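Chemist: Sending over a structure as structure tokens; questions will come in a sec.
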Amino acid sequence: MPRIVMKFGGTSMAGIERIRHVADRVRREVATGNQVAVVVSAMAGETDRLVQLCKEAAPLYDPREYDVVVASGEQVTAGLLAMTLQGMGLNARSYMGWQLPIRASGHASALIEGIDVAVLERVFDDSGIAVIPGFQGVTSEGALATLGRGGSDTSAVALAIAAKADRCDIYTDVDGVYTTDPRIVPRARKLDVVTYEEMLELASVGAKVLQTRSVGLAMRYGMPLQVLSSFEDLPGTMIVADEGTVMERNIITGIAHDRNEAFITLTGLPDRPGTVAAVFRPLADAGINVDMIVQSAKSAGGMSDLTFTVPKASLAHSVDALAKVREAGGFQELLTNTDIVKVSVVGVGMRSHAGIAAQMFDTLAERQINIVAISTSEIKVSVLISEDYTELAVRVLHTAFGLDAPAASLDAGAAS
């Protein structure tokens with residue numbers, strides 16, 4: 001009997017009527033003869049509300065207590081969906097992360113160490129439906145742990161892998177993966193197929209359809225992943241290992257942007273071995289991810305400046321961690337800037353085509369958009385620019401790389 005894990009995002013669970021709609025989708029999947037486990041997110045906006053409460057309670061909050069607060073949103077929707085399915089006559093029950101259990105280490109962005117699926121197997125044997133709150137697990141000490149924003153995607157993929165599911169379906173408020181955000185570029189096209197590598201890069205640089213870690217897990221274990229709309233019965237986007245079946249495709253697959261970046265500049269760093277390590281060690285110890293890094297050449301006085309980005313949510317913790325470095329004479333001044341955005345072009349075709357970065361830089365220069373920092377990978381080029389130019393940069397790059405949908409397709413409703 002096929003085994004499916006279905007994951008529903010926050011907009012899918014935003015209120016009882018939408019939860020009833022989700023329940024009907026689950027019922028239809030069960031009616032086809034599939035064994036089904038469902039992973040749910042908190043209602044749209046609920047996690048943001050809970051995070052804000054944590055910040056108001058204590059700007060430098062304890063990550064353990066933060067997890068206690070923010071894990072509550074998914075518990076509410078899991079219980080409500082289970083009730084709704086029961087009202088349809090289905091054998092459904094909710095199971096918290098600690099009841100399976102989903103073992104995790106750390107807090108706020110915990111890593112999944114393993115999932116005991118014995119409980120889940122008993123549910124399947126009894127023709128039941130397990131409804132599981134995403135985003136949460138339990139530490140070896142028995143404390144709640146959360147997996148970071150978007151962690152319900154990771155919960156679903158990890159559960160699908162542990163339960164040896166045939167596929168994992170991610171239901172969201174869009175009907176697939178687009179070449180860019182269609183709210184910014186109406187001519188954005190839905191992609192039928194995207195490779196794991198491309199989706200991994202797109203997710204890491206701001207595409208909000210899937211959490212980065214979920215794509216990495218699916219890629220590592222070869223779990224078939226599908227992005228579908230919660231609201232319309234339309235074909236979605238398949239995330240696959242290789243798109244070799246496509247004879248011809250664009251060099252660039254998509255344009256992504258990420259407003260969740262904060263810029264930190266440290267001035268007057270002494271030019272000696274170990275200085276940069278002393279800066280980044282406390283950030284690593286605090287579990288803060290650093291992205292773009294730019295170090296200026298040393299001045300006549302033997303000093304240099306160091307600039308890097310961190311997630312906006314980690315800015316306060318970053319400043320606090322770096323204060324100890326400054327006390328030790330590590331730098332003269334710390335400057336921050338949150339009015340920035342990271343814009344990226346992604347595509348596996350970049351491996352065999354030169355000049356992508358140059359074309360990107362030329363396109364931005366033509367519109368007088370200044371580049372603050374640059375980072376690259378084998379299939380990605382990212383730039384940091386002023387947030388004021390976000391939409392203009394995305395639109396002109398989308399057109400420059402030939403990603404706009406034809407006018408006829410647009411008129412027919414191919415893009416939304």
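The values are calculated or read from the model by the stated rules, or taken from the named source; none is laboratory data. Everything quoted here is computed from the prediction, not taken from an experiment. Every residue, glycine as well, gets a Cβ built from its backbone with ideal geometry; the counts of neighbours run over all protein chains shown. Remember, those area values only see protein heavy atoms, side chains included, never the ligands or the DNA or RNA. Shrake-Rupley method; radii C 1.70, N 1.55, O 1.52, S 1.80 Å.
Chemist: Answer yes or no: is there a residue in the range 361-371 that is within 15 Å of Ile251 (Cβ to Cβ) and not charged (D, E, K, R).
Modeler: yes
Chemist: Return yes or no: is Ala78 buried (at least 19 other Cβ atoms within 10 Å of the Cβ), of a type in the set (A, V, I, L, M, F, W, C) and assigned to a strand (DSSP E or B)?
Modeler: It is false that Ala78 is buried (at least 19 other Cβ atoms within 10 Å of the Cβ), of a type in the set (A, V, I, L, M, F, W, C) and assigned to a strand (DSSP E or B).
Chemist: Next question. How many residues are closer than 16 Å to Cys168 by Cα and within 19 Å of the chain's Cα centre (by Cα) if we restrict to the range 20-46?
Modeler: Going through the range 20-46 one residue at a time, the tally reaches 3.
Chemist: Okay, next question. For the range 1-19: of the residues being of a type in the set (D, E, K, R) and within 18 Å of Thr172 (Cβ to Cβ), which is most open to solvent (accessible area, probe 1.4 Å)?
Modeler: Glu17
Chemist: Considering each residue of the range 150-177, count those that are open to solvent by 10 Å² or more (accessible area, probe 1.4 Å) and in contact with a Pro (Cβ under 9 Å, 6 or more places away or on another chain), and give that number.
Modeler: Selection size over the range 150-177: 5.
Chemist: Restricting to the range 58-71, and then to whatever is surrounded by fewer than 16 Cβ atoms within 10 Å (Cβ to Cβ) and either free of Cβ contacts under 8 Å to residues at least 60 places away in the same chain or under 20 Å from the mean Cα position of the chain (by Cα) (or both), can you tell me which residue is nearest to Gly9 (Cα to Cα)?
Modeler: Filtering first and then ranking leaves Glu65.
Chemist: Please return the ranges of helices (runs of 4 or more DSSP H) entirely within the range 303-416 where 2 or more residues are more than 26 Å from Gly287 (Cα to Cα) and either among the small types (Gly, Ala, Ser) or open to solvent by 40 Å² or more (accessible area, probe 1.4 Å) (or both).
Modeler: 356-366, 390-400, 407-411
Chemist: Further, regarding this structure: Tell me, yes or no, whether the range 49-57 has at least one residue that is among the acidic types (Asp, Glu), in contact with a helix residue (DSSP H, G or I) (Cβ under 8 Å, 6 or more places away or on another chain) and surrounded by fewer than 20 Cβ atoms within 10 Å (Cβ to Cβ).
Modeler: Looking for residues that are among the acidic types (Asp, Glu), in contact with a helix residue (DSSP H, G or I) (Cβ under 8 Å, 6 or more places away or on another chain) and surrounded by fewer than 20 Cβ atoms within 10 Å (Cβ to Cβ), one finds none in the range 49-57, hence no.
Chemist: Please enumerate the residues belonging to the range 216-244 that are under 19 Å from Ile115 (Cβ atoms), in contact (Cβ under 8 Å) with a residue 60 or more places away in the chain and either open to solvent by less than 50 Å² (accessible area, probe 1.4 Å) or touching a Leu at 6+ places or on another chain (Cβ under 7 Å) (or both).
Modeler: Answer for the range 216-244, where residues must be under 19 Å from Ile115 (Cβ atoms), in contact (Cβ under 8 Å) with a residue 60 or more places away in the chain and either open to solvent by less than 50 Å² (accessible area, probe 1.4 Å) or touching a Leu at 6+ places or on another chain (Cβ under 7 Å) (or both): Leu217, Ala218, Met223, Leu225.
Chemist: Tell me, which residue of the range 167-192 that is more than 26 Å from Gln35 (Cβ to Cβ) and hydrophobic (A, V, I, L, M, F, W, C) is nearest to the chain's Cα centre (by Cα)?
Modeler: Restricting to residues being more than 26 Å from Gln35 (Cβ to Cβ) and hydrophobic (A, V, I, L, M, F, W, C), the top hit is Val177.
Chemist: Answer with yes or no whether Ser229 is at pLDDT 90 or above and of a type in the set (Ser, Thr, Tyr).
Modeler: In short, yes.
Chemist: Mind counting the residues in the range 91-105 that are open to solvent by 40 Å² or more (accessible area, probe 1.4 Å) and out of contact with any Asp or Glu (no Cβ under 6 Å at 6 or more places or on another chain)?
Modeler: Number satisfying all stated conditions: 5.
Chemist: Could you grab me the full set of residues in the range 206-224 that are closer than 25 Å to Val36 by Cβ and outside any loop (DSSP other than H, G, I, E, B)?
Modeler: Arg213, Ser214, Val215, Gly216, Leu217, Ala218, Met219, Arg220, Tyr221
Chemist: Among the residues of the range 251-279, how many are on the phi < 0 side of the Ramachandran plot, open to solvent by less than 60 Å² (accessible area, probe 1.4 Å) and without any contact (Cβ under 8 Å) to a residue 12 or more places away in the chain?
Modeler: 0
Chemist: Does the range 363-385 contain any residue that is modelled with pLDDT of 90 or more and closer than 30 Å to Tyr61 by Cα?
Modeler: Looking for residues that are modelled with pLDDT of 90 or more and closer than 30 Å to Tyr61 by Cα, one finds at least one in the range 363-385, hence yes.
Chemist: While we're looking at this one, here's another question. Among the numbered conditions (1) within 25 Å of Arg3 (Cα to Cα); (2) touching a helix residue (DSSP H, G or I) at 6+ places or on another chain (Cβ under 7 Å); (3) surrounded by fewer than 23 Cβ atoms within 10 Å (Cβ to Cβ), tell me where Val38 comes up short.
Modeler: (3)
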